[in-house]
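Q: Let me give you the structure first, and then I'll get to my questions.
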Amino acid sequence: MSTKRDTIVDVDRRHVWHPYTATETWEKADPIVVARASGAWLEDVDGRRYIDGNSSWWVAGLGHSHPRLVKKLAEQAAELAHVTLAGTAHEHAALLAQELAGITGLEHAFYTDNGSGSIEVAIKVALQHWKNVGQPNKTRFVALDGAYHGDTLGPTSLGGVEVFRRPYASVLFECVRVPFPDPKAHERAFEAIRQLLRTEGDSIAAVIVEPIVQGAAGMRIYDPAFLKELREETKRANVLLVTDEVFAGYGRTGPMWAGEHAGITPDMMCLGKVFSSILPMAATMVSDEVFRSFRGGPETTLWYGHTFCGHPLGAALAREVLAIYREEDVLGQIARKGKRIADFFGKMKGVENARAIGMIGAAELGGTGYLGGLGWKVFEEAKKRGAYLRPLGDTIYVCPPFVIPDADLERLLGILEESVEAARKSV
Ligand SMILES: *Cc1c(COP(=O)(O)O)cnc(C)c1O
């Protein structure tokens, strides 16, 4: 252990408030102090290396410091690092929107800084759209049990993970919650939402869902048939459907968009994370029909925008990400490695409810949910063995970079297996 490491940890403990981290846990933690990262690997200040088992919170789909992204960032910074998008236009914001329209089927892009922002935009656009078309009573939102759509107040209102909501309940807006379409209770969940849309559709602005997989709730996967039926029912009830592809998009579940499993096009789609990969940026894709309702003057204009909206660095990177998808067969790589992940989880011992889709493999340790402790024992064991495997409570999972070399994937899965065994023995 180096003095450099000790100094950073000491200063950090005194001054940095970490995301999703209990203060007293952090005071006792022995964190990895990351100095550099490349491909699927993190390296600490003492030169120890760790495989990044969750792509640094699901962002590094193309691995850390992809040479094309690093090069693009430097080139773009030298050319045009920042300009406002208020009343000006620039090449990358324009061409990115066109490229995204081509692959999402939604013609218009509204840019924000992060995934939560992309959801805030969808909420405001949905509310104002119904006002603009003369149906101002459509003001309610519907979301699934266990939903996670980000941490600003709008997404928190939609969120269905109780422990994330409780302290703020007094200021959250109403959200109608419907059961998660668990494989065993698919029909019941669908009946609930069908009833709701058919009887109360007149007061509902939009249904917002994470398509096919709920990430933060614990990698909960559901049947595409639910999404397909949801699209049909929302159309019938004249309710907007918003898919939050911030986690599931960019091939995480196999196809480019998780909505493709069900062959649907939503009215709005939220994109983030891998979208820009190394800088915070996000987009809300909006259908032409919804967009057109905002014509007509100050009353129908969307009065919304962030300072760094559509910044050139992020837009240039997001275009390079799409170029890498086209030219390096990222989806083909995901199809191949996804099979290996599914095979591994299918045979995994000492866990419950093992499941996999695309580049996600997950299982339960049978503990006490989000605040359970066994997942963190696995985390510590994995760290000793050279992998970063942050759990979701007692749900353990891998969600590695899509471009992880086969040998590194094998090593990650091997470490996971050993770490589960070691954690079980220690209790
Ligand atoms: C991470 C995430 C968000 C929020 O994105 P931020 O960039 O953290 O604000 C929204 N929805 C889903 C499904 C996510 O996984």
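The values are calculated or read from the model by the stated rules, or taken from the named source; none is laboratory data. The model shown is predicted, which means the values in this text are computed figures rather than measured ones. Counting neighbours? That spans all protein chains shown, and the Cβs are built from the backbone with ideal geometry, glycine included. Heavy atoms of the whole protein, side chains included, go into the accessibility calculation; ligands, DNA and RNA do not. Shrake-Rupley method; radii C 1.70, N 1.55, O 1.52, S 1.80 Å.
Q: Need pairs with beta-carbon distance below 8 Å; first residue without any contact (Cβ under 8 Å) to a residue 60 or more places away in the chain and on the phi < 0 side of the Ramachandran plot and within segment 331-345, second open to solvent by less than 60 Å² (accessible area, probe 1.4 Å) and among the small types (G, A, S); sequence gap 6+ or separate chains.
A: A342/A356; A342/G361; F345/A354; F345/A356; F345/G361; F345/A362; F345/A363
Q: Only one residue in L42, L62 is of a type in the set (A, V, I, L, M), surrounded by 13 or more Cβ atoms within 10 Å (Cβ to Cβ), under 19 Å from the mean Cα position of the chain (by Cα) and at pLDDT 95 or above. Which one?
A: That would be L62, the only listed residue that is of a type in the set (A, V, I, L, M), surrounded by 13 or more Cβ atoms within 10 Å (Cβ to Cβ), under 19 Å from the mean Cα position of the chain (by Cα) and at pLDDT 95 or above.
Q: Going through segment 269-298 one residue at a time, which ones are open to solvent by less than 20 Å² (accessible area, probe 1.4 Å) and within 13 Å of the ligand (Cβ to nearest atom)?
A: If the condition is that a residue be open to solvent by less than 20 Å² (accessible area, probe 1.4 Å) and within 13 Å of the ligand (Cβ to nearest atom), then M269, C270, L271, G272, V274, F275, S276, S277, M281, A282, A283, T284 are the ones that fit.
Q: May I ask you to say which residue of R231, R252 is in a loop (DSSP other than H, G, I, E, B), open to solvent by less than 30 Å² (accessible area, probe 1.4 Å), of a type in the set (K, R) and in contact with a strand residue (DSSP E or B) (Cβ under 9 Å, 6 or more places away or on another chain)?
A: Every option except R252 fails the conditions.
Q: Let me ask something additional. Determine whether G154 is surrounded by 17 or more Cβ atoms within 10 Å (Cβ to Cβ), farther than 15 Å from L230 by Cα, within 13 Å of the ligand (Cβ to nearest atom) and modelled with pLDDT under 95.
A: Spelling it out, it is not the case that G154 is surrounded by 17 or more Cβ atoms within 10 Å (Cβ to Cβ), farther than 15 Å from L230 by Cα, within 13 Å of the ligand (Cβ to nearest atom) and modelled with pLDDT under 95.
Q: Sticking with this one: Just checking, how many residues over segment 201-253 are closer than 21 Å to V274 by Cβ and either without any contact (Cβ under 8 Å) to a residue 12 or more places away in the chain or more than 20 Å from the chain's Cα centre (by Cα) (or both)?
A: 0
Q: Suppose we keep only residues that are of a type in the set (A, V, I, L, M, F, W, C) and in a helix (DSSP H, G or I) within segment 400-415. Which one would you say is surrounded by the most Cβ atoms within 10 Å (Cβ to Cβ)?
A: L412
Q: Ok, one more. Can you tell me which of (1) farther than 17 Å from G272 by Cα; (2) within 12 Å of the ligand (Cβ to nearest atom) is the one E120 doesn't meet?
A: Unmet for E120, out of (1) farther than 17 Å from G272 by Cα; (2) within 12 Å of the ligand (Cβ to nearest atom): (1).
Q: Moving on. If A363 passes every condition in (1) touching a residue at least 60 places away in the same chain (Cβ under 8 Å); (2) open to solvent by less than 20 Å² (accessible area, probe 1.4 Å) but one, which one does it miss?
A: Answer for A363: the failing condition is (1).
Q: State yes or no: is V207 within 20 Å of L106 (Cα to Cα) and either of a type outside the set (K, R) or not in a helix (DSSP H, G or I) (or both)?
A: When the stated conditions are applied, V207 passes them.
Q: Between residues in segment 81-92 that are within 10 Å of F308 (Cα to Cα) and residues that are small (G, A, S) and open to solvent by 50 Å² or more (accessible area, probe 1.4 Å), which pairs lie under 6 Å by C-beta distance while being six or more apart or on different chains?
A: Nothing qualifies.
Q: Within segment 104-116, can you find the residues that are open to solvent by 10 Å² or more (accessible area, probe 1.4 Å) and within 11 Å of the ligand (Cβ to nearest atom)?
A: Result: D113, N114, G115, S116.
Q: Please determine, by comparing only the residues of segment 373-399 that are touching a residue at least 60 places away in the same chain (Cβ under 8 Å) and assigned to a helix (DSSP H, G or I), which one is surrounded by the most Cβ atoms within 10 Å (Cβ to Cβ).
A: Across segment 373-399, the extreme among qualifying residues is A382.
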